[in-house]
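Novice: Take a look at the following structure, please.
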Amino acid sequence: KQEVTQIPAALSVPEGENLVLNCSFTDSAIYNLQWFRQDPGKGLTSLLLIQSSQREQTSGRLNASLDKSSGRSTLYIAASQPGDSATYLCILSSARQLTFGSGTQLTVLP
Amino acid sequence: NAGVTQTPKFQVLKTGQSMTLQCAQDMNHNSMYWYRQDPGMGLRLIYYSASEGTTDKGEVPNGYNVSRLNKREFSLRLESAAPSQTSVYFCASFAGEQFFGPGTRLTVL
């Protein structure tokens, strides 16, 4: 059974800092991995999708990497801003199954 | 495209009342899902539907029923609401990528 772990559970950084969020998984037989953000009381917004055959994806200040052999994905956020404060979730898709991480709650302090 | 839509956005019920949460997607996806999200628990799968006319139980199906009458719509029904069903409910569809609806915030008194 796929297990997904996100570390740290919470992170607080000063504005402008570069930071890395981690997502670890136990089964490398995945179709793809998605990173989402969720603002308090809101829905989930897709940030980046990495297919199984890809190593990384970039969108603006965000860069997500995927290393299936080590069971890891990282979400790199450059030059963090207070507007980046949210909970970040990784979601893995495999055969007939979606597995969620428990999220990292990020606070960027002005 | 509207993506995944859910109605209502908010609902307050009394214990024992019934209601149906509606979900629709206009992306022609086969797979649709219902999740609930509770503080400290993350997202948990209630039911899913791999295609029109088929449904399967997820992790926490007790107290819920679903209906996938056509490809677009996947509804979730609470026959006799309980306070333990107070939660935020998300509908989602999937076709290589997951798309979520905006959520329904349900309170059962």
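Each reported figure results from applying straightforward, stated rules to the coordinates on display, with no laboratory input. This is a predicted model, so every value here is computed, not measured. Neighbour counts are summed over all protein chains in view; Cβ atoms, including those assigned to glycine, are modelled from backbone coordinates with ideal geometry.
Novice: What pairs from A:1/A:68; A:1/B:71; A:1/B:57 go past 25 Å between their alpha carbons? Don't skip to the answer; put the middle values down first.
Specialist: Values: A:1/A:68 16 Å; A:1/B:71 29 Å; A:1/B:57 17 Å.
With Cα atoms farther than 25 Å apart: A:1/B:71.
Novice: Each label point is 7 Å from the Cα along the Cα-to-Cβ direction; what then is the distance between the points at residue B:107 and residue A:18, in nm?
Specialist: Here the modelled spin labels are 4.5 nm apart.
Novice: At a threshold of 8 angstrom on Cα-Cα distance, excluding pairs fewer than six apart, so keeping six or more, what relative contact order does segment B:1-79 reach in percent?
Specialist: Relative contact order of segment B:1-79: 30 percent.
Novice: Report, ordered by chain and residue number, the lysines lying within cross-link reach of residue B:9, taken as a straight Cα distance under 21 Å and ignoring same-chain residues fewer than 8 apart.
Specialist: A:42
Novice: Over chain A, what is the relative contact order in whole percent, taking alpha-carbon pairs under 8 Å and six or more residues apart?
Specialist: After rounding, I find 37 percent.
Novice: What nm distance separates the two modelled labels at residue A:51 and residue A:67, each placed 7 Å from Cα along Cα→Cβ?
Specialist: Here the answer is 2.3 nm between the modelled labels.
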